[in-house]
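Working notes, beginning with the structure itself.
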Amino acid sequence: MLSKSRFNPGHGLADFWNEIRRPQPYRWPFLALSMLPVAAMLYWGLNSTSYGEPERPKVTYISTLDSARSDAEIIAENLANQQIKDLRAAEEARIAEAKRNIYKALGKAAGMDVEAIERKAEAERAAEEAAAAKRREQALQRSASESTGQ
């Protein structure tokens, strides 16, 4: 019985009601001020946004290539793609050469030594091509050594 009377909120509510009924000039402002922090915390807590885990995407694999292609069809398609790639590379090279010719003409008109500039640019291009070939060779050696298990 002691625990029931000890934790009974009725006594506290009765005491609160006795105090609030007594005529005091500042009881309503004090009551409002004492309720303000609780109201602010409730307002903040109820307005907070909580984001859950996003849905996992459903992946649908789409293949545009026929899985029943023969090796001859694959080789023919690869050759056609290589021809397109070579045509694009040739067109890019033609455009780059046209740009170089335009810059040469502009350099000559401005009084620059375009032959020296061209030699320097050719040396840089050759160095870049040699570096790319070296990287390619190293990658091939690395892949060959990995495939043999060394």
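Please treat every number below as a calculation from the coordinates, not as lab data. Source: prediction; values computed, not measured. Cβ: placed from backbone, ideal geometry, glycine included. Neighbour counts: every protein chain shown.
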Practice problem: Round to the nearest 0.05 the FRET efficiency obtained for residue 35 and residue 59 when R0 = 41 Å and r is the Cβ-Cβ distance. | Solution: 0.15
Quiz prompt | Pairwise label distance in nanometres, residue 69 with residue 142, each label 7 Å out on the Cα-Cβ vector | solution = 2.9 nm
Quiz item: Pick from 81, 18, 101: which is most flexible by mean-square fluctuation in a GNM of the chain where alpha carbon atoms under 10 Å apart are linked?
Solution: 18
Practice problem: Can you figure out the FRET efficiency of residue 88 with residue 124, using R₀ = 25 Å and their beta-carbon distance, to the nearest 0.05? | Solution: 0.60
Quiz item: Where does helix 9-21 land angle-wise versus the long Cα axis of the chain, in degrees 0 to 90, nearest 10?
Solution: 80 degrees
Quiz item: To the nearest 10 degrees, how steep is helix 71-110 against the longest Cα principal axis of the chain, on a 0 to 90 scale?
Solution: 80 degrees
Practice problem: May I ask you to compute the full-extension gain from residue 46 to residue 21, defined as 0.36 nm times their residue separation minus their alpha-carbon distance, rounded to one decimal in nm? | Solution: 5.8 nm
Quiz item: Any idea how far the Cα center of the range 92-145 sits from the one of the range 1-77, in Å?
Solution: 64 Å
